[in-house]
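A.B. asks: This is the structure, below, for whatever I ask next.
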Amino acid sequence: MTETTQMRTSPSGGGDAPRSPEFRLAMDALQGLRQDLFHDAFAYRPLPLMTMDGPLTRRLPDRLRSYAARLPHAVVVGAALIALFGGSVASGALGGPAALLSGLACAVPVLATLVRPVGAFWMSMAATPVVAVLLGEFGEWPWLPGPFICHLTVLVIVAIRTRPRTAAWMWTLTGAYALLVETLFGDGEYNTSAPMLFLSALALLVVAVRHVRREAQQEVTAQQTVTAHERSRRTLLEERTTIARELHDVVAHHMSVVAIQAEAAPYRVEDPPPELERAFATIRENAVAALTELRRVLGVVRAEDYEAPDAPQPTLADLDALLANVRDAGLSVEKAVTGAVRELPPGVELSAYRIVQEALSNTLRHAPGATARVEVSYVLGGLGLRIVNGPIPELTLVKPSPGAGHGVTGMRERVSMLNGEMTAGPTDDGGYEVAVFLPVTAPTEGEA
């Protein structure tokens with residue numbers, strides 16, 4: 001506490017003396033003023049074309065879009081013509097070089113906002129006394145009609161093109177200029193400072209609200225994009241975890257069989273050599289070690305509320321029971337099997353069953369009342385699946401209840417795990433089709 005007190009009461013002339021919050025706030029404000037209105041004030045910053053992704057511009061024909069993209073430029077040119085009229089005609093000078101120069105002095109700053117927005121602000125400030133000198137009218141200080149239109153237009157355009165802090169600095173300098181001119185040259189009868197400050201404050205407030213709203217929309221859009229990406233990634237990881245849990249039983253069964261056969265093999269041979277016994281013992285040890293690691297992996301991917309299934313993992317032999325369950329839920333589904341039915345690897349059987357199950361669940365959710373068809377094709381190189389449903393009936397009383405949209409993701413993960421192929425999409429009649437091919441390598445004679 002003592003050291004802190006001494007440091008705060010150190011002489012102000014010291015180089016390491018702490019600054020007060022007010023001093024730092026003032027320095028930050030001056031730094032912002034310098035950065036916004038003085039640093040590269042006349043830098044070349046052309047006005048970009050208008051985007052064509054709005055609700056109205058999106059409906060325009062292609063031929064008109066190129067013209068509609070330049071609508072902001074046309075608006076600025078129109079405002080410059082109004083300022084030209086105000087500077088040359090509305091001020092009372094109906095002709096002559098003075099009126100022309102006055103109109104140009106009011107129009108040029110407005111046009112300059114197209115390429116040098118901050119510089120246009122300083123040009124409009126300079127145009128105010130220039131027009132007064134050219135027209136010889138000092139009664140309506142500090143803004144005559146032409147400079148009034150010019151400066152107000154420039155303030156709004158520059159505020160739209162920059163940020164709210166820049167708009168606040170421009171309004172502050174405008175008020176300081178008005179106060180200075182009225183104090184030095186005003187006659188007290190009539191001045192345009194109050195209308196200018198009121199109208200410009202109102203316009204800049206609207207522009208600032210527009211900026212804040214647009215930034216908020218952009219931030220919300222960015223957050224929604226990140227959230228959707230994270231949700232998709234989390235869904236993918238959840239699907240892979242589910243697949244790993246289901247395949248654990250299949251792999252564990254095979255490793256258990258390997259361990260048992262390796263243990264029993266030496267007893268089937270009379271007087272086996274020691275090398276053979278050691279080889280089978282090594283096989284059994286590796287199988288048991290693999291089972292232990294599988295249990296550890298399952299423990300990592302298992303959720304807190306996960307319960308190991310009591311029944312074995314389903315196969316295509318259980319497909320009829322699945323279809324009967326779906327029919328009880330109100331879905332009319334038929335099954336067709338082609339090719340020579342044979343036993344497939346357990347991973348293929350399980351993945352095929354889950355794909356059919358998920359496809360029929362999607363039909364129940366998205367197309368209630370529709371009919372479905374499941375085709376299972378045993379071909380030479382693997383297994384083909386096709387699950388297709390018709391459109392939603394017009395007279396159905398049940399409304400679709402879309403889920404989270406993760407079903408297709410899970411099916412693709414299962415197909416990708418087996419190096420298969422899958423297509424999913426709407427049909428011509430308004431239904432939906434899922435087509436899958438799961439390759440199965442034919443066992444060689446030695447493996448058989």
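The values are calculated or read from the model by the stated rules, or taken from the named source; none is laboratory data. The model shown is predicted, which means the values in this text are computed figures rather than measured ones. Cβ coordinates were reconstructed from backbone atoms using ideal geometry, including for glycine residues, and neighbour counts include every protein chain displayed.
A.B. asks: Report, by residue number, each residue of region 116-170 that is touching a His at 6+ places or on another chain (Cβ under 9 Å) and charged (D, E, K, R).
C.D. replies: R163
A.B. asks: Let me ask another. Right, R386: charged (D, E, K, R), in a strand (DSSP E or B), farther than 14 Å from F437 by Cα and at pLDDT 90 or above or not?
C.D. replies: For R386, the condition - charged (D, E, K, R), in a strand (DSSP E or B), farther than 14 Å from F437 by Cα and at pLDDT 90 or above - is not met.
A.B. asks: Out of (1) in a loop (DSSP other than H, G, I, E, B); (2) at pLDDT 90 or above, what's the single condition that is false for L94?
C.D. replies: It fails just one condition, (2).
A.B. asks: Looking at R327, R342, can you tell me which residue is in a loop (DSSP other than H, G, I, E, B) and either basic (K, R) or farther than 17 Å from E421 by Cβ (or both)?
C.D. replies: Within the list R327, R342, the selection yields R342.
A.B. asks: Answer yes or no as to whether T441 is surrounded by fewer than 15 Cβ atoms within 10 Å (Cβ to Cβ) and at pLDDT below 90.
C.D. replies: yes
A.B. asks: Could you pull out the residue among V300, V348 that is β-branched (V, I, T) and either assigned to a strand (DSSP E or B) or modelled with pLDDT under 80 (or both)?
C.D. replies: Every option except V300 fails the conditions.
A.B. asks: Considering (1) outside any loop (DSSP other than H, G, I, E, B); (2) among the charged types (D, E, K, R); (3) modelled with pLDDT of 75 or more, say which one R295 fails and leave the rest.
C.D. replies: R295 satisfies every listed condition except (3).
A.B. asks: Quick one: which of L155, L184, L180, L204 is surrounded by fewer than 20 Cβ atoms within 10 Å (Cβ to Cβ) and at pLDDT 85 or above?
C.D. replies: Within the list L155, L184, L180, L204, the selection yields L180.
A.B. asks: Answer yes or no: is there a residue in region 82-89 that is closer than 26 Å to R210 by Cα, of a type outside the set (S, T, N, Q) and either touching an Asp or Glu at 6+ places or on another chain (Cβ under 7 Å) or not assigned by TED's automatic domain parsing to the domain that holds L49 (or both).
C.D. replies: No: zero hits.
A.B. asks: Another question, then. Pairs under 6 Å by beta carbon, first residue in a helix (DSSP H, G or I) in region 163-175, partner crowded, with 17+ Cβ neighbours inside 10 Å and aromatic (F, W, Y), six or more apart or different chains?
C.D. replies: M170/F121
A.B. asks: Which condition from (1) more than 25 Å from S232 (Cα to Cα); (2) out of contact with any helix residue (DSSP H, G or I) (no Cβ under 9 Å at 6 or more places or on another chain); (3) at pLDDT 85 or above is the one that P426 breaks?
C.D. replies: Here P426 meets the rest and fails (1).
A.B. asks: Are any residues in region 376-390 buried (at least 16 other Cβ atoms within 10 Å of the Cβ) and not aromatic (F, W, Y), and if so, which ones?
C.D. replies: Selection gives V376, G382, L383, G384, L385, R386, I387, V388, N389, G390.
A.B. asks: Here is a further query. Scan region 30-67 residue by residue and report those that are exposed (fewer than 11 other Cβ atoms within 10 Å of the Cβ) and among the polar types (S, T, N, Q).
C.D. replies: Correct list: T51 only.
A.B. asks: Tally time: how many residues in region 44-81 are among the polar types (S, T, N, Q) and under 26 Å from the mean Cα position of the chain (by Cα)?
C.D. replies: 2
A.B. asks: In addition: Sort through L205, L179, L199, L184 and tell me the only one that's within 39 Å of the chain's Cα centre (by Cα), assigned to a helix (DSSP H, G or I) and without any contact (Cβ under 8 Å) to a residue 40 or more places away in the chain.
C.D. replies: Residue meeting the stated conditions: L205.
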